Amino acid sequence: MGPGDLSESGLRDHVFPLFSRVLARQPGEIYLANHSLGRPMDAVEDDVREGLAHWYAELGDAWDAWMDEVSGFRARIASLIGCARPDAVVPKASVAQGLRAVLNSHPTAEPWTIVSTRGEFDSDDAVLKSYARRGRASVHWVEPDADGRFDADAIIQTIGAVCAGVSGPKLVLVSAVFFVSGQVLEGLERVIAAAHIHGAIVVIDAYHAAGAMPVEFDALGADFMVGGSYKYTRGGPGACWLAIHERHLRDAGPTHEETLATLDTGWFALADPFSYARSEDAPRAAGGDAWLEATPAILPFYQARSGLELTLAIGIERLSAYNRKQQDVLVAALAEHGVRPINDHPRGAYVPIGAPDGPPAVRSLAEQGVDVDARPCPSGNRWIVRFCPDLLTTRDELERAAEIARGVLA
Ligand SMILES: Cc1ncc(COP(=O)(O)O)c(C=O)c1O
């Protein structure tokens, strides 16, 4: 395609052919659920077959190639999120698994004091509530305003009010981009700074940021970040990650008494797993490998390869700029039909539109060939229907989707 801005004609010539299978799926369907499940490249099947072929041909020796694939995944995610050390990216099967690894990393059994928001994804919400029910955390939830928006200053105020004077472990969990409304949390740097002043560690849920817009993990300074491949990087389920800030990595490997050595562990986190040597203190590997667990699933990392390579090859700035243009086209077309998005502030990769009830609206749109989804607004007074274009979405599809939306959402 060459350098410069992306164009629909360039994408048609050079990128659409890489998606021939998924594009042949249902002629006429307008797929705008890319914020949920990203569309797979044709290459996914060959990549997964490659992983399996190592097993058939090499049996136990397949581990060399398999571990190279996992290392490739870690390096690609590190590059995607602005993290200098690939070993600081630890593969996880889900975001929930990454969050639990952090919650299980404090050297004392004292309960966590946690500040989070009502806008976190259901997985994070369920994990925090489960820890709270067992008395292992007290969680202070920041509420949204009447429009369902979260304000960095309200989060900072809660951190100050809740964490001051607390001596036990403290943690702040927030999204970089909220999953229901697509709101970008402006002032995230200030939230991180306030948490650190009060001795709290910070976990950023970047699922709707990484792959959708530039992310600078090292520069941001958060202690941890979680995300995954299901959506914007087209990797399907199972290839998620936990990124750990360098300040928490120990080159000699952490001891069990040290801060933040997770109990979510297994033999792959040992200093020398294949020596099969046993010792009472089970020394951990150096750096991020100390956060690995046990024998990992391998095929999800093959499955995630092509989408990440495409994202990195095109470049996140170009992808995100093209997505903005598509959103502008969609918003303008919706306006012509009397439909307005609910969030005019900086937002992630999709256009959110309010609806009194989500499921019937989504069903009606689906019957007319528009594939979107809806989630209840955290302020509790309505639903939000999410429209997310991707590289394969044409201008004509956006205009047709807006016309169809008129009958359902205007
Ligand atoms: C913000 C956010 N975090 C996490 C997830 C996925 O969580 P998990 O990997 O635990 O299923 C999603 C999925 O939709 C999400 O939107």
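The values are calculated or read from the model by the stated rules, or taken from the named source; none is laboratory data. It should be emphasised that the depicted structure is a prediction, and the values quoted were computed from it without experimental measurement. Using ideal geometry, Cβ is built from the backbone for each residue, glycine included, and neighbour counts are taken over all protein chains shown. Note: areas computed on protein heavy atoms with side chains; ligands, DNA, RNA excluded. Shrake-Rupley method; radii C 1.70, N 1.55, O 1.52, S 1.80 Å.
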Quick one: putting +1 on the C-beta of Lys and Arg, -1 on the C-beta of Asp and Glu, what dipole do you get for the chain around its Cα centre, in Debye to the nearest 20? 860 debye
Tell me the mean residue ellipticity at 222 nm calculated for the chain from its helices only (DSSP H runs of n ≥ 4, each -39500 (n - 2.57), averaged over every residue, nearest 500). -11500 deg cm²/dmol
Can you give the Rg/Rh ratio of the chain, where Rg is from the C-alpha atoms and Rh is the Kirkwood radius? 0.98
If you take every DSSP beta bridge fully contained in segment 154-241, what fraction is antiparallel? Give it as a percent rounded to 5. 25 percent
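Which trypsin sites (Lys or Arg not before Pro) from segment 200-282 combine a DSSP loop assignment with at most 12 other Cβ atoms within 10 Å? Mind showing how you got there, number by number?
Numbers: sites: LYS231, ARG234, ARG247, ARG250, ARG278; in loops: LYS231, ARG234, ARG250, ARG278.
Those satisfying the criteria are ARG278.
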Starting at the first residue of segment 275-283, write each ³J(HN,Hα) from the Karplus equation 6.51 cos²θ - 1.76 cosθ + 1.60 with θ = phi - 60°, in whole Hz, x for Gly and Pro. 7, 6, 7, 10, 8, 5, 8, 6, x
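Roughly speaking, to the nearest percent, how much of the chain's 1.4 Å accessible area is carbon and sulfur? Kindly include the intermediate steps, with their values, before the conclusion.
Numbers: 9240 of 17460 Å².
Of the solvent-accessible surface of the chain, carbon and sulfur hold 53 percent.
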Accessible surface, per residue, of segment 365-409 when the full set of protein chains is kept, probe 1.4 Å, Å²: 40 Å²
Cross-link reach list, aspartates and glutamates versus LYS231, counting only Cα pairs under 18 Å and skipping chain neighbours closer than eight places: ASP42, GLU45, GLU120, ASP122, ASP124, ASP205, GLU309, GLU317, ASP371, ASP373, ASP390
Rounded, prolate or oblate for segment 117-175? Axes are the square roots of the Cα gyration tensor eigenvalues, ordered a ≥ b ≥ c, and the cut-off for rounded is a/c under 1.5. oblate
Just tell me which lysines come within less than 28 Å, Cα to Cα, of LYS170; anything on the same chain fewer than 8 places away is out. LYS92, LYS129
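Give, as a single signed number, the net charge of other residues whose beta carbon lies under 15 Å from the beta carbon of ILE298, with Lys and Arg counted +1 and Asp and Glu -1. Can you show the working numbers first?
Values: positive: ARG49, ARG74, LYS92, ARG305; negative: ASP47, GLU50, GLU58, ASP61, ASP64, ASP68, GLU69, GLU293.
Computed value for this residue: -4.
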Taking a probe of 1.4 Å and leaving out DNA, RNA and ligands, segment 1-122 shows per residue an accessible area in Å² of 47 Å²
By its C-alpha gyration tensor, with a ≥ b ≥ c as the square roots of the eigenvalues, how is segment 1-158 shaped: rounded for a/c under 1.5, else prolate for a/b larger than b/c, else oblate? oblate
Alpha-carbon centroids, segment 28-90 and segment 262-311: separation in whole Å: 15 Å
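Out of all DSSP beta bridges in the chain, what portion is antiparallel? Express it as a percent rounded to 5.
Working: 21 of 42 bridges.
Among the beta bridges of the chain, antiparallel pairing accounts for roughly 50 percent.
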Expected vector for segment 136-151, Karplus 3J(HN,Hα) from phi with 6.51, -1.76, 1.60 and θ = phi - 60°, integer Hz, x for Gly and Pro, equals 9, 7, 10, 10, 10, 9, 8, 8, x, 7, 4, 8, x, 8, 10, 10
Heavy-atom surface of segment 175-292, accessible at 1.4 Å and reported per residue (Å²): 38 Å²
Calculate the length of the line joining the C-alpha centroid of segment 236-261 to that of segment 119-185, in whole Å. 22 Å
Net charge (Lys, Arg +1; Asp, Glu -1) of residues whose beta-carbon lies under 9 Å from that of SER175, SER175 excluded, is -3
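Work out how much length ARG12 to GLU216 would gain on full extension: take 0.36 nm times their residue separation and subtract the Cα-Cα distance, in nm to one decimal. Walk me through the numbers on the way to the answer.
Details: separation 204, 0.36 × 204 = 73.44 nm, distance 3.04 nm.
Length difference between fully extended and current span is 70.4 nm.
I want the local charge near ASN323. Using Cβ-Cβ distances under 15 Å, sum +1 for each Lys or Arg and -1 for each Asp or Glu among the other residues. Each step should come with its number before you reach the end.
On the way: positive: ARG39, LYS231, ARG234, ARG318, ARG324, LYS325, ARG347, ARG386, ARG395; negative: ASP5, GLU8, GLU317, ASP328, ASP390, GLU397.
Neighbourhood net charge equals +3.
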Under 10 Å, Cα contacts only: if you run a Gaussian network model on the chain, which one of LEU308, LEU270, LEU52 comes out with the highest mean-square fluctuation? LEU52
What residue among ALA206, ALA222, ALA109 has the largest mean-square fluctuation in a Gaussian network model of the chain, using Cα springs under 10 Å? ALA109
